[in-house]
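Notes follow the structure.
Each value in this text was obtained by applying a stated rule to the coordinates, not by laboratory testing. These figures come from a predicted structure and were not determined experimentally. Quick reminder, even Gly has a Cβ in these numbers, built from the backbone with ideal geometry, and neighbours come from all protein chains shown.
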Amino acid sequence: MNNNKYNSIVSLTGYVKVGTAIPALRIGECDFNAEEIIRISKNAVEKGVKLLAFPELSVTGYTCGDLFGQNFLLDKALAAIAYIKEQLSEYDIVVIIGAPLRIINKLYNCAFVIYKGEILGAVPKIYLPNYSEFYEARWFESGELIFKKTINTSIGEITVGNDLLFESTYYKFAIEICEDLWVPLPPSTKKALLGADIIVNLSASNEMVGKHEYLRSLISQQSARTISGYIYSSAGFGESTTDLVFAGNALIFENGNLIAAAERFCFEPQLITSDIDIDRLRSLRQRTSTYLLKDSDYKITASEIVFSQNQVDYAKFPFERSYNPTPFVPSGESQMHERCNEIFNIQVNGLAQRIIKSFAKSLVIGISGGLDSTLALLVCIQTVDKLKMPRESIVGITMPGFGTTDRTYNNAINLMKRLGVTIREISIKDACLQHFKDLGIDGSVHDVTYENSQARERTQILMDAANQTSGIVIGTGDLSELALGWATYNGDHMSMYGVNTSIPKTLVKYLVKWVALHNLDKQACDILMDIIDTPISPELIPADENGDILQKTEDLVGPYELHDFFLYHFIRFADKPSKIFFLAQKAFENKYDRDTIKKWLTIFFRRFFAQQFKRSCLPDGPKVGSVTLSPRGDWRMPSDISAAMWLKEIESL
């Protein structure tokens, strides 16, 4: 894929293209193994890879047994390393291979880092498994006490140390070997705290029933805990099967998420590549105040090996990451069910606590027949059921106005009837007409005053009805509306507890659908399905000549799926506009063209900055996901800040 079709200006310097390989292997045949490593490395160069990992002891094979005590094998291994570095001297790729290394009278299981004809360093394995099927201590010594030192070998001087940290022009990486990952405090934890963006693990982990899932979980957790990229390469076909089988695990993780994987039990060599987002990892670390190295906790240092390397030219090489166009929405039916259930429990428990602490006798909620108020009503239903309060304590008020259509009105009434809540109908038309008269407003002019007065009239009714029934007003506005400021200040913007405050619009419909399919009877389900299919609208402008909704929100502010994508990447990862623009083109390449995305990205940033004053006085509401805009928790920004710098970058795209 040529990224120029997206945007030639976007700089992807924050990424590094990495690879993990499972080569063909012949045990003890160092010359063959070296040629295979060279072949795959050159193939990786053609794919733009800058950092490539091979399995543990990949030069000799992991299963050589007592042959590791033969100087002939050890000498051949060193000669093979010299040959590999010579053959790869012209290529801008870091290659990490496994081989044994003698230091004085001891043997160490090492990872050799080769770049541009040099051995940048060798990292010894610290934790040697010597239990069950493993008996590495029979041949090797732990590298625990080896800190940066230079040793003389038959192929020249080599820097060796378990404290080595390799620093390229734009990323840092560290190495651990197999069992090092499985211990209570892996070396990678300390290396990440000292600045390693990527951890490379050279492994030779055999297969057993259930072990693979445990391994993936272990890598995922370590990658997430250290907020790092994690490249894992484990021995495969070709290793001895006298007692064990090696499946060839090649895995790439980023911050706990698997982004690339090889086929296990494959008889052919494999090269797996992907792009790790270094900028994102560093941004997350910077914002996580507990991600730090305390002198009182650790007395550790690292010896940095610095080298200069060119960045990936994504005009020539493919960008291999894919991005979910709906990042707030879980993928897969089982995950969707689990996530929706969890979200509802958070909303319900938050509301239940507020009811108890405020001594509320009722829940007052405006029911419009739209998605947001429907979701809020469903949360109220589950809450009163859990508290063993009568459903009649929920006072659902429908407030027809100038733009209310028969479809939304009937859905609102029928849903409330089906759910057994107290129904009140209070038209706002006469009150608004009187208001227009008092202000000297021409009601035929459908301007912002015409629209906002309706929203504020509805909020006044809800607030007073709550006083009347000793209750609290339940807010229905969602996260996407808060981001865009698509709410009337002191109108639908205000409530006594907002249950949807951190639910984005793209997720709302899935939550409503989940309740419809799993918790309600067919008649209620049919009503909810029609609500889901109804165009999103505040219904503040009269309907068209056919009685259909004329004022459609997404025609005015843009597609919510785009805005939710922008919001997620801006808040969750602090991505700059040009990067969000590029990622959006990747995610929506078959749906929106670049001009459309640029248009709505401009609108997003303009509105997000201009509407902060509404978020600064946001009512209480439960945090549900990793992205929320509460001024008391996750997002604090001056209401009068300028968006000029962000908008200028978008203009330059």
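With the crude spin-label approximation of a point 7 Å out along Cα→Cβ, what separation in nm comes out for Tyr489 versus Asn152?
That separation, rounded to one decimal, is 7.8 nm.
Cα atoms only: what Rg and Dmax, in Å, come out for the chain?
Rg, Dmax (Cα atoms, Å): 30.5, 101.
Once you place label points 7 Å from the Cα toward the Cβ at Tyr135 and Glu268, how far apart are they in nm?
With each label placed 7 Å out from Cα toward Cβ, I get 3.8 nm.
Roughly how many whole Å is it from the C-alpha centroid of segment 235-277 to that of segment 316-371?
Here the answer is 36 Å between Cα centres.
Just the number, please: percent antiparallel of the DSSP beta bridges in the chain, rounded to the nearest 5.
Bridges in the chain are about 55 percent antiparallel.
When only Cα pairs under 8 Å and 6 or more residues apart are kept, what is the percent relative contact order across the chain?
12 percent
Sort 201-213, 474-486 by packing, meaning the average of other beta carbons within 10 Å per residue, with the highest value first.
474-486, 201-213
Measure nothing but the geometry: give the 0 to 90° angle between the long axis through the Cα atoms of 71-87 and the longest principal axis through the Cα atoms of the chain, rounded to 10°.
That works out to roughly 60 degrees.
Measure nothing fancy, just the Cα-based angle from helix 505-519's long axis to the longest principal axis of the chain, in degrees from 0 to 90, nearest 10.
80 degrees
Of Thr405, Ser334, Ala137, which is farthest on the positive side of the dipole of the chain, counting Cα position, with +1 on Lys and Arg Cβ, -1 on Asp and Glu Cβ, and the Cα centre as origin?
After comparing all options, I get Thr405.
To the nearest 0.05, how large is the calculated FRET efficiency for Glu46 and Gln221 if R₀ is 25 Å and r is the Cβ-Cβ distance?
After rounding, the FRET efficiency stands at 0.15.
Listed highest first by mean packing, meaning other Cβ atoms within 10 Å per residue, what order do 318-325, 553-560 come in?
Final packing ranking: 553-560, 318-325.
Would you compute, from DSSP H runs of 4+ residues alone, the mean residue ellipticity of the chain at 222 nm, taking -39500 (n - 2.57) per run and dividing by the full residue count, rounded to the nearest 500?
Working: 19 runs with 240 residues, N = 653.
Computed mean residue ellipticity for the chain: -11500 deg cm²/dmol.
Run the numbers for Asp430 and Arg391: contour at 0.36 nm per residue of separation, minus the present Cα-Cα distance, in nm. It would help to have the intermediate numbers written out before the result.
Values: separation 39, 0.36 × 39 = 14.04 nm, distance 3.02 nm.
Extending this stretch completely gives an extra 11.0 nm.
Angle, helix 594-610 long axis vs. longest principal axis of the chain, Cα atoms, 0 to 90°, nearest 10?
For 594-610 against the chain, the angle is about 70 degrees.
If we sort 304-312, 224-232 on the protection proxy, mean other Cβ atoms within 10 Å, highest first, what's the order?
Top to bottom by mean Cβ count within 10 Å: 224-232, 304-312.
Quick check for me: using +1 on Lys/Arg Cβ and -1 on Asp/Glu Cβ, what's the dipole size of the chain about its Cα centre, in debye to the nearest 20?
Once rounded to the nearest 20, the dipole reads 1320 debye.
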